[in-house]
1. Kindly list the number of the only condition in (1) touching a Ser or Thr at 6+ places or on another chain (Cβ under 6 Å); (2) in contact (Cβ under 8 Å) with a residue 60 or more places away in the chain; (3) buried (at least 16 other Cβ atoms within 10 Å of the Cβ) that fails for Thr219.
2. If the Cβ limit is 9 Å and pairs must be 6+ apart or interchain, which residue in the range 96-115 that is on the phi > 0 side of the Ramachandran plot pairs with which residue that is charged (D, E, K, R) and surrounded by 19 or more Cβ atoms within 10 Å (Cβ to Cβ)?
3. Taking Leu116 as meeting all but one of (1) buried (at least 19 other Cβ atoms within 10 Å of the Cβ); (2) farther than 20 Å from Ile181 by Cβ, write down the number of the exception.
4. Give just the number: which of (1) free of Cβ contacts under 8 Å to residues at least 40 places away in the same chain; (2) within 22 Å of Tyr63 (Cβ to Cβ) does Gly178 not satisfy?
5. What is the number of the single condition among (1) of a type outside the set (Ser, Thr, Tyr); (2) part of a strand (DSSP E or B); (3) closer than 26 Å to Leu179 by Cβ that Pro90 does not meet?
6. From the list Glu259, Glu246, pick out the single residue that is within 30 Å of Leu230 (Cβ to Cβ), of a type in the set (D, E, K, R) and touching a residue at least 12 places away in the same chain (Cβ under 8 Å).
7. Within the bounds of the range 135-157, is there any residue that is over 19 Å from the mean Cα position of the chain (by Cα), in the same structural domain as Val71 (by TED's automatic domain parsing) and of a type in the set (D, E, K, R)?
Amino acid sequence: MSEPKRSTASTTKTQIGSPLSKADRIEIIETLGRCVREAEYNQLTLKVPSEEGRLQKRPGMHYHFKPEIFVQNQGWTEFKVPSETITVRPGEACIMPAGVPHQETISSAKEPFRNLVVGFYSNAISVHLAFEVKPGKPEIDVIEFYDAPNLDVFLSLTNSLVDNNQKTGPTRDHVVKGLSIALFAMVKGLVERGNEGINKDIGKVFQAKWLIREQLSNTELNVKMLAERLQCSPDYLSHLFNTQTEEKLTHYIQRIRVEGAALALQTTPLYVSEIAWSSGFSDPAYFARVFKKFLGMSPQEYRAQSEERRRKEESRPKTIYYDHVDYSAGESHR
C-alpha cells in the first residue's frame, strides 16, 4: 500500500466535494426556502427541457437514470438537449427529466458561478453546491446525502412536475404550483433535519462514496478511476475504504449498482438491458450474474416477484381501523 499523493492545490475550491459546513447548510436551506416562497406567489421560474431523445446516446451528452433538480444562485447554466437549448439564470430553477441526454455549459458572468443540485439515487437523495472548477465546467463543491426510504414520493412529485409543466389548460398552473411547493419544501425538510448516519464517513471514503453515486451509470467506474480522481493509489484507497467501512470497495460499487437497478425494476417499465446499461453494466449477461449474486434471483424474477407483491398489496382490505377491518369497497350508504 502506498502513501496518498499530496494535492498541489492552494485552496479548497480546487478539491472535489466535501461535507457541508454550517454556512453551506444555511445557504441551501435559504435557496430552497426561496423556491417555496416564490412558488407560493407564482413567481418561480421553472424550466423543463423537452424529453425528445430520451435514453439515446448522443455525442458530447450524458443522461441520468433519474431526474435532477437545478437551482441557479449565481452565473448561469446552459443545458443543450437533443431538441433545444435552455439557459437557467440566477433565481431560476430547472428539472432535467430522467433519461434526457444533455450537455452543460456554465458561465460565472459578473459573480462566481454557484448553483444547487438535487440528485436521486438508490434510497438516497443528494444535495450539492457547485462551483466553476475551470472555464465552462462545473464541479461539486460540497455535498450531503440523505436517507430516503420514501424516495418514490420524491420521484413521483418530480416526475409529475415534469409531466404537468408541459401541459396546457385551466388547472395547469395550479397543479405546477402545488407540486413545486411540495417538492422544494420536502427537500428543504431533509436538509434541515440532516442525516448523520449516511454522512458519517470522512475524507476520501466520503468522497469515494459520492463519486460512486455520481458516476454510477459510467461503465468506466472502477477503483482505478476513483483513485485518480482522489489523487491516491488504488491500493491505498481500497485499504482505507475497507478499514473504515468493513466492506471492499469493489463490493460496494457493485452493491450500489444492484440496489439502483432493483429500484428501477420495481418502478419503471424499462427493458432489463436498458436498466443494466444505466446502472453501469455494459454487458447485460454480466449484469444478470452480479444481480443474482446479490439478490439470489435474476432481474426478470425480481421484477416478477415485485409485481406479484404489488398485486397482493392492492388486493388487501382498503380500510384498517383500530378495532376492526373494513372489507367493504367503500359503497355509498345514502
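1. Among (1) touching a Ser or Thr at 6+ places or on another chain (Cβ under 6 Å); (2) in contact (Cβ under 8 Å) with a residue 60 or more places away in the chain; (3) buried (at least 16 other Cβ atoms within 10 Å of the Cβ), Thr219 violates only (3).
2. Pairs found: Gly99/Lys66.
3. Condition (2) is where Leu116 drops out.
4. Of the numbered conditions (1) free of Cβ contacts under 8 Å to residues at least 40 places away in the same chain; (2) within 22 Å of Tyr63 (Cβ to Cβ), the odd one out for Gly178 is (2).
5. Against the list (1) of a type outside the set (Ser, Thr, Tyr); (2) part of a strand (DSSP E or B); (3) closer than 26 Å to Leu179 by Cβ, Pro90 comes up short only on (2).
6. Details: Glu246 fails: touching a residue at least 12 places away in the same chain (Cβ under 8 Å).
Being within 30 Å of Leu230 (Cβ to Cβ), of a type in the set (D, E, K, R) and touching a residue at least 12 places away in the same chain (Cβ under 8 Å) holds for just one of Glu259, Glu246, which is Glu259.
7. So in the range 135-157, the residues over 19 Å from the mean Cα position of the chain (by Cα) come out as 135-137.
Imposing the further condition that a residue be in the same structural domain as Val71 (by TED's automatic domain parsing) reduces the set to 135-137.
Checking the rest, the ones that are also of a type in the set (D, E, K, R) come to 137.
Within the range 135-157, one or more residues are over 19 Å from the mean Cα position of the chain (by Cα), in the same structural domain as Val71 (by TED's automatic domain parsing) and of a type in the set (D, E, K, R).
Here is a yes/no grid of residues against (1) part of a loop (DSSP other than H, G, I, E, B); (2) over 27 Å from Gly260 (Cα atoms):
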site	(1), (2)
Phe120	no, no
Ile125	no, no
Glu139	no, no
Phe145	no, no
Asp152	no, no
Ser156	no, no
Val162	no, no
Lys167	yes, yes
His174	no, yes
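The values are calculated or read from the model by the stated rules, or taken from the named source; none is laboratory data. Note that the structure is a prediction, hence the values are computed from the model and not measured. Positions of Cβ are backbone-derived with ideal geometry, glycine not excepted, and every protein chain shown enters the neighbour counts.
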